[in-house]
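The values are calculated or read from the model by the stated rules, or taken from the named source; none is laboratory data. It should be emphasised that the depicted structure is a prediction, and the values quoted were computed from it without experimental measurement. Virtual Cβ from ideal backbone geometry, glycine too; neighbours counted across all protein chains shown.
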Amino acid sequence: MAIPNSSGVGNSGAGNDAFKKALRLLSTEGLDGAIMVVERELESDPKNWEAWSAKADILYFQGNYDASMRCCERSISLNSKNALAFNIKGNILYKLGKYKEAIECYNRAIEIEPLFVKAWYNKKNASELQLKKSRVRVHYLVPRESRKKEQ
């Protein structure tokens, strides 16, 4: 989990104490401790797009993709220049096998933050899988006798 700046990536100079606590808890108590801190932050400031991104990231790592997607959408609605939330959303779509949509999210993250290495890497992986998935065997080029043997 990264402490996002205005584009949702990296470490903003000021930093947010809640996120620093969440990171410490993440390393000592795991995801459950980190999410408690983020949820407390959201109780005090429900319009904190950084906290929504952090919660989305944690829920993603817990495998709770539906809730993570809702948090991404909320974070993006609060800050449309949030590269981190677009990357997390892309990761969720990737896990669901929706590679084209995932690539669109990674492209958006890269458009916002061109040096976002994870988004470039994730885009590469999704593009490779989309290419493999889209390779359709063209039967009309195969002799009819061979088609029956292959099936």
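Pick out the one residue from 60, 106, 65 that is in contact with a helix residue (DSSP H, G or I) (Cβ under 9 Å, 6 or more places away or on another chain) and under 13 Å from residue 126 (Cα atoms). Don't jump to the end; show me each part of the working.
Details: 60 fails: under 13 Å from residue 126 (Cα atoms); 65 fails: under 13 Å from residue 126 (Cα atoms).
Result of the check over 60, 106, 65: 106.
State the number of residues belonging to the range 62-103 that are charged (D, E, K, R), more than 23 Å from residue 33 (Cβ to Cβ), touching a residue at least 12 places away in the same chain (Cβ under 8 Å) and surrounded by fewer than 24 Cβ atoms within 10 Å (Cβ to Cβ).
Qualifying residue count, the range 62-103: 4.
Somewhere in the range 30-44, is a residue over 25 Å from residue 130 (Cα atoms), out of contact with any helix residue (DSSP H, G or I) (no Cβ under 9 Å at 6 or more places or on another chain), of a type in the set (Gly, Ala, Ser) and surrounded by fewer than 23 Cβ atoms within 10 Å (Cβ to Cβ)?
Filtering the range 30-44 for residues over 25 Å from residue 130 (Cα atoms) gives 30-44.
Next cut, out of contact with any helix residue (DSSP H, G or I) (no Cβ under 9 Å at 6 or more places or on another chain) only: 30, 43.
Checking which are of a type in the set (Gly, Ala, Ser) leaves us with 30.
Of the ones still in play, those that are also surrounded by fewer than 23 Cβ atoms within 10 Å (Cβ to Cβ) are 30.
Yes, there is a match, as at least one residue in the range 30-44 is over 25 Å from residue 130 (Cα atoms), out of contact with any helix residue (DSSP H, G or I) (no Cβ under 9 Å at 6 or more places or on another chain), of a type in the set (Gly, Ala, Ser) and surrounded by fewer than 23 Cβ atoms within 10 Å (Cβ to Cβ).
Among residues belonging to the range 109-151 that are among the acidic types (Asp, Glu) and part of a helix (DSSP H, G or I), point out the one that is modelled with the highest pLDDT.
That would be 111.
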